[in-house]
Amino acid sequence: MQSKNKTVVKSMDILTLFLTHSKLSLNEIVQFSGIPKTSVFRMVMSLEEMGLLDKDRGGKYSLGLLFLQFGHLVAERSDIREVALPFMQKLHDKVGEAVNLIVLDGNEAICIEKLDTKQRVRLNMAIGRRMPLYAGACSRVILAFQPKYEQEQYLEQTELKSIASGTITGKERLRTLLKETRKTGFTVSHSELENYISAVAAPIFDHKGYIIAGISVAGLEVNYEKELLPPLVKKVKCAALEISWKFGYTDKHLCLD
């Protein structure tokens, strides 16, 4: 408890009041929270500036629209995890490799679900880990299916820094790979985020054909030699397609295994 920031805790106490009150005046916030009025005033002003509170013409406060955006994101990502997990488990049982579920978060990719490899090796991937969109198969597959102008904007604004021995740091090479990924529906990475680790990833689409996530299998590089890739690619693409169907995607390609 001692490590908690007191101002943050008090701000959270104020926000929590709106779970049971749709609108509150400044005096009501002071009354219900028990926090001194001068402190409440400062915190409410800051919360309003950040979009966490809205103030109406009558001077009453309510939760800001930012909470609606957060709510949509949490619901959407929870749905993706819930829907994808059985297919991730099936893929995991087939290949015995680590299986990761990645989504877009701003200008980064973030892991929201994972199943560990059955091999005697620990991969540096955890739920909540953030990665640049240019590095790693699953991150790159998400970047590949972004609208072209957003993709180019990202490339123009982002420095491609080396993370591991195989990280792609040339923008023209990355553009070529992104184009190939859109054409083939999958991508492969070798030592891009972690040395000696490879991955195969495919996109997950919603009912409008927009990418909502990427799924990948990952493991030791030796298991991802060129001649070993075709069956892995087929299984990953199949899992991605089956999850996409659950979100209303209408591509009718057969998923035979």
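The values are calculated or read from the model by the stated rules, or taken from the named source; none is laboratory data. Everything numeric in this text was worked out from a predicted model, so none of it was measured. Here the Cβ positions follow ideal geometry from the backbone for every residue, glycine too, while neighbour counts run over all protein chains shown. When the accessible area is computed, the model is the full protein with side chains, heavy atoms only, and any ligands, DNA or RNA have been set aside. Shrake-Rupley method; radii C 1.70, N 1.55, O 1.52, S 1.80 Å.
Tabulated values for the structure
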quantity	calculated
Evaluation of VAL103 against (1) in contact with a Phe, Trp or Tyr (Cβ under 7 Å, 6 or more places away or on another chain); (2) closer than 21 Å to ILE204 by Cβ (one fails), failing number	(1)
Pairs where the first residue, in the range 9-32, is closer than 12 Å to SER62 by Cβ and among the charged types (D, E, K, R) and the second is open to solvent by less than 40 Å² (accessible area, probe 1.4 Å) and modelled with pLDDT of 90 or more, C-beta under 8 Å, 6+ apart	LYS23/TYR61; LYS23/SER62
Filtered residues of the range 42-97 (kept if under 22 Å from ASN27 (Cβ atoms), part of a helix (DSSP H, G or I) and not small (Gly, Ala, Ser))	ARG42, MET43, VAL44, MET45, LEU47, GLU48, GLU49
From the options GLN2, GLN69, GLN89, residue that is under 30 Å from LEU241 (Cβ atoms) and at pLDDT below 90	GLN69
Options GLY136, GLY166, GLY170; residue that is under 29 Å from VAL74 (Cβ atoms) and not β-branched (Val, Ile, Thr)	GLY136
Residue that is least open to solvent (accessible area, probe 1.4 Å), among those in the range 57-84 that are touching a strand residue (DSSP E or B) at 6+ places or on another chain (Cβ under 7 Å) and farther than 30 Å from HIS207 by Cα	TYR61
Search result, residues across the range 167-204 that are open to solvent by 20 Å² or more (accessible area, probe 1.4 Å), of a type in the set (A, V, I, L, M) and part of a loop (DSSP other than H, G, I, E, B)	LEU193
Of all residues making up the range 205-252, the number that are in a helix (DSSP H, G or I), of a type in the set (A, V, I, L, M, F, W, C) and either under 19 Å from the mean Cα position of the chain (by Cα) or closer than 16 Å to THR181 by Cα (or both)	9
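Okay, residues lined up against (1) among the acidic types (Asp, Glu); (2) open to solvent by less than 20 Å² (accessible area, probe 1.4 Å); (3) in a helix (DSSP H, G or I):
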{"position": "LYS114", "(1), (2), (3)": "no, no, no"}
{"position": "ILE127", "(1), (2), (3)": "no, no, no"}
{"position": "TYR134", "(1), (2), (3)": "no, yes, no"}
{"position": "SER139", "(1), (2), (3)": "no, yes, yes"}
{"position": "TYR149", "(1), (2), (3)": "no, no, yes"}
{"position": "SER165", "(1), (2), (3)": "no, no, no"}
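Yes/no per residue for (1) open to solvent by 50 Å² or more (accessible area, probe 1.4 Å); (2) within 19 Å of GLY64 (Cβ to Cβ):
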{"position": "ASN5", "(1), (2)": "yes, no"}
{"position": "VAL9", "(1), (2)": "yes, no"}
{"position": "ILE14", "(1), (2)": "no, yes"}
{"position": "LEU17", "(1), (2)": "no, yes"}
{"position": "THR20", "(1), (2)": "yes, yes"}
{"position": "SER25", "(1), (2)": "no, yes"}
{"position": "GLN31", "(1), (2)": "yes, no"}
{"position": "GLY34", "(1), (2)": "yes, no"}
{"position": "SER39", "(1), (2)": "no, no"}
